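Where a number appears in this text, it was derived from the coordinates with a stated rule and is not lab data. A quick note: this is a predicted structure, and the numbers were derived from the prediction, not measured. Reconstructed Cβ throughout: ideal geometry from the backbone, glycine too, with neighbour counts over all protein chains shown.
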Amino acid sequence: MNELERFRNDKDEFFRVGNQSPLTPDQQRAFHGLNYYPENPDLRLELVLDRYAKPDEVVLATSTGDEREYIQVGQVRFDVDGQEAVLQVFEDDYGFFLPFADTTAPDETYGAGRYLEPHEIRSNILYVDFNLAYNPYCAYNERWSCPLPPSANRLKVRIEAGEKKFHD
């Protein structure tokens, strides 16, 4: 079992029995595991963070109509199947935050988008592994309030990596 498979198995176990699982008790009893794309090494990237000279405080709307504040620190650029993609990178007290939606949504992935939490591996170089892309907790039930990706992070490419949608 490789590292990604172990991560996915651990996440499934947490969802199935964890006290902090985003699933309701009924969902936990019926849970048989999350759905994922096969591992895609081409979407495991080291990307230059093009930092903004003056990062902006921004407010992202949430799935429940609330708002959350972030610092928009810069952007990353990368290619997917020969097409350029650009994503805005945010930061909060917990680190970097990369909410995005792509053209796999809503048919294959959660329609409101998925999340990544890249980390800086060298000065202004982020490790972005789309195999770790995950659904926000609001994808599992409506009791959660989740930031929505801004329009700038709605990609016109398919990101066939990471978690697929939980249910229809």
Karplus-derived HN-Hα couplings along region 21-32 (A = 6.51, B = -1.76, C = 1.60, θ = phi - 60°), whole Hz, x at Gly and Pro: 4, x, 7, 6, x, 5, 5, 4, 5, 9, 6, 10
Which of Val86, Val73 has the fewest Cβ neighbours within 10 Å, and the rest in rising order: Val86, Val73
Pairwise Lys count, the chain - Cα closer than 26 Å, eight or more residues apart or different chains: 4
Region 3-20 - phi-based ³J(HN,Hα) in whole Hz, Karplus 6.51/-1.76/1.60, Gly and Pro as x: 4, 5, 4, 5, 4, 5, 4, 4, 5, 4, 5, 4, 5, 6, 10, x, 5, 9
Length added when fully stretched, Val86-Ala53, from 0.36 nm per residue minus Cα-Cα: 10.1 nm
Spin-label zone in region 21-49 - amide nitrogen under 17 Å from a point set 7 Å from the Cα of Asn141 along the C-beta vector: 21-34
GNM top mover of Gln27, Gln75, Gln88 - the chain, alpha-carbon springs below 10 Å: Gln27
Amide hydrogen neighbours beyond the local backbone of Lys164, cut-off 5 Å, H modeled: Asn35, Tyr36, Tyr37
